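Below is one structure, written out as structure tokens; the observations come after it.
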Amino acid sequence: MKKIAILALSALSIAGCQSTPELNPIPANVQSTLLNQWVTTEVCYNNGFYSLEEHTSYQSAINYNLGTWKINQASIDTELIGIRSVVNQNIANGADVKGTCHYQKPVLVRTLNEAQSHYNQVQTNQQRAHEIQKAKASAPRTESSISSFGGTVNCKKIGAFIQPEIKTFQGMMCPIGWFPA
């Protein structure tokens with residue numbers, strides 16, 4: 001189980017780095033909170049208070065949250081060992097595992113909902129950015145893009161034979177509806 005958790009954390013960290021150019025270091029309190037939640041889901045699942053589906057959902061959300069930060073895997077491993085040691089000692093001393101699991105469930109559900117909300121927002125932002133890039137790529141060229149060659153040209157309006165209007169345009173060619181004067 002530990003190998004799977006470490007592999008999942010590593011894979012998520014790599015995936016997070018690919019989708020986010022620059023990750024911020026995880027604050028110590030955020031890391032501690034997430035790792036305490038991680039151990040809680042393990043204990044509650046292993047003692048039969050959470051279903052496999054709940055356990056998997058909660059740990060996936062915690063993984064996702066960890067993946068949004070720049071993390072130090074050695075620090076996470078060390079802290080997990082410490083938390084597990086304290087929790088196991090508390091259980092050996094008669095801690096109320098069932099009560100803890102019951103009271104932690106809403107916190108874990110909130111973590112799950114926040115992770116899903118963040119994921120949806122990231123997906124929406126990526127879709128918007130893609131649509132904007134697509135629109136920019138397919139936008140017709142305008143005079144301003146042609147005028148980058150420099151220079152000016154005098155042009156007459158097509159169809160005006162008596163007193164034709166002559167205008168000076170930036171660029172090398174007259175725009176549509178005009179011809180060189």
Between I91 and Q126, the FRET efficiency computed from the C-beta separation at R0 = 30 Å comes out, to the nearest 0.05, as 0.10
FRET efficiency for S51 and K98 from the Cβ-Cβ distance with R0 = 25 Å, rounded to 0.05, comes out at 0.95
Correct semi-axes for region 2-138, from √(5λ) of the alpha-carbon gyration tensor and rounded to whole Å with the largest first, are 33, 17, 11
Non-local residues with an amide H under 5 Å from the amide H of K70, with H modelled 1.01 Å from N and Pro and chain starts lacking one, are N24, I26
M172 and A137 label points (each 7 Å along its Cα→Cβ direction) are spaced in nm at 2.7 nm
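Assuming R0 = 22 Å, what is the FRET efficiency of N24 and N113, from their Cβ-Cβ distance, to the nearest 0.05?
0.50
Any read-out appearing in this document is the output of simple, stated calculations on the displayed coordinates, not a laboratory observation. Here the structure is a predicted model, which means the values were calculated and not measured. We place every Cβ from the backbone using ideal geometry, glycine too, and count neighbours over all the protein chains shown.
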